[in-house]
Amino acid sequence: MAGVSVAPRRIDAVTLLTAYVFLLMIIPSSLVVGSFGAAGAPAALFAAILLCWYMLARQHPAITPDRGPQPVRVAGVFFGCAILAAYVAASRTTMPVLQQNGADRGLIVLSGWLGVLLLAADGIDRADRLETLLRRVVMCATAMAALGIVEFFTGVDATKYVSIPGLSVHTQFTDLMNRNGLVRAIATAAQPLEFAAVLAMSLPLAIHQARFAPPALRARRWLRAAIIAGALPMTVSRSAIFGLAVTGIVLLPTWTKRERRRAYVVLLASFVIVWLAKPRLLGSFGGLFGHIGTDTSIASRTGAYSAAAPFIAQHPWFGHGFQTFFPQMYFFVDNEYLISLIETGVVGLLALLTLFVTGWFTARSARLAAADAQSRDLAQCLAASVAAAAVCFGTFDALSFSIAPGLCFLLLGCVGAAWRLARAPQQSERAEGRGAAWTEEASGNRTRATREVGAV
């Protein structure tokens, strides 16, 4: 054994993205590198480095990422160009220092989002590596969900006691939020709505991994899915219910009749478990949906439309600049699509919608191109994650936070990777067919040439 050399493990895109996932989901979002301020979240800075690495890798002959057709890449670049156009348009006039800093910060986080999306879409080279990355995403989401469950039942915010050398607290949360006497879990996120969006995006992936787990790991992976699903209602938000509903609508029709029946039984049992654990929780959700017309949060959101109209009319096409509309200065919007219309105009809103639409149809295309049941189900679950993100973005200003948009762009990149990997065998067969046709044609030409020479 002493004479056997072991090849060093290669640091590939999945390894780099795993580090990003850990920094994004495990480190509390309130901790930043102090000199960078709000843009100094470790995950955001690392993601910006990943964009630089990606751009350099495209110039390197040995580690060049995939250069083939990639709809997610096109949509991501279009989104980036829309944000840059909004920045240029806003910079034509003098902005207050606070808003100028917000616009600059927006470019930093944008570079990170694009770096993660592009590296995942073009850098993941094998289907098993894609599955590995998504398993690590689910593990981190499970850790967040478990922390959220502890917060819900104890009322203690454990993240307040986390101290990491080199990081400082940018936004100190005074206490966990409450609604109807219930603690709203946030884990390492900035607020319950962001936490709900993260769990809603992760749940379809956890279900996929549990359904196709080896027998020895099946119980463990179903437990992860149960922890994530169980933590969702503990955010005490409508976003959690919307996320669960979208997951069910997208996934259940693709399951067998037996699996659907089991899902219905589990759903009914979960209501009983929730009632036994926290009877007020079901009543709280009944109030959230039963008093929509008089609920203050709904009134705030509907009132934001009329309040936003003058701001949209001032700069309808490119907006006031990405991340320059501060609720503390103006008013709360709690709708990413509306705030995108204010900050980046019609062009920016179309770019954001294009991202989600492209992600959905690319995932569906990957499902049609996949050769086995597990790959088809993974593509469907990625489509469910994209759909959950698109719905949750309508309930809060998602791009103003760190974990939810960071995970969303990562999953969009994974959609692009799944699409490319699913189509790879078909492209290989086409290439072999073209090669065989060319060889046959060349052989025929040589034969004809030989006959002509013989005739002469």
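Structure notes:
- Cβ-to-Cβ counts within 10 Å put Thr188, Thr302 in ascending order as Thr302, Thr188, the fewest first.
- Cα-centred dipole magnitude for the chain, charges only on beta-carbon of K, R (+1) and D, E (-1), debye, nearest 20: 1240
- With the charge dipole of the chain set up from +1 on Lys and Arg Cβ and -1 on Asp and Glu Cβ about the Cα centre, the Cα lying farthest toward the positive end among the listed residues Leu217, Ala187, Ala197 is that of Leu217.
- Inter-centroid distance (Cα atoms) of the stretch 307-381 relative to the stretch 167-223, Å: 22
- Treating r as the C-beta distance of Arg260 and Asp104 and R0 as 60 Å, the FRET efficiency rounds to 0.75.
- Gap separating the Cα centres of the stretch 66-134 and the stretch 30-59, nearest whole Å: 12
- Other-chain or far-sequence residues with amide H under 5 Å of Gly40's (modelled H): Val33
- According to the Kirkwood relation over distinct C-alpha pairs, the hydrodynamic radius of the chain is 23.7 Å.
- Val346 versus Thr64: modelled label distance in nm, points set 7 Å from Cα along the beta carbon direction: 4.0
- For the chain, with +1 on Lys and Arg beta carbons and -1 on Asp and Glu, the positive-most of Met95, Cys408, Ala422 along the dipole: Ala422
- With R₀ set to 30 Å, the beta-carbon distance separating Asn180 from Tyr337 gives a calculated FRET efficiency near 0.60.
- Here the contact order of the chain, divided by its residue count and restricted to Cα pairs under 8 Å and six or more residues apart, works out to 23 percent.
- Cβ-Cβ distance of Ala219 and Asp372, R₀ of 22 Å, FRET efficiency by 1/(1 + (r/R0)^6): the value works out to about 0.40.
- Within-12-Å neighbourhood charge of Gln374 [Cβ basis; K, R +1; D, E -1]: -1
- Given the chain, longest segment not containing exposed loop trypsin sites (Lys or Arg not before Pro) (DSSP; at most 15 other Cβ within 10 Å): 127-456
- Distance between the pseudo-spin-label points of Leu268 and Tyr305 (7 Å out from Cα toward the beta carbon): 3.9 nm.
- Unit charges at the beta carbon, dipole of the chain: most positive-side option, Ala308, Val391, Tyr337: Val391
Only the coordinates and a few stated rules stand behind these numbers; no lab work does. Keep in mind the model is a prediction, meaning the values are calculated, not measured. In this analysis, Cβ positions are derived from the backbone assuming ideal geometry, glycine residues included, and neighbour counts consider all displayed protein chains.
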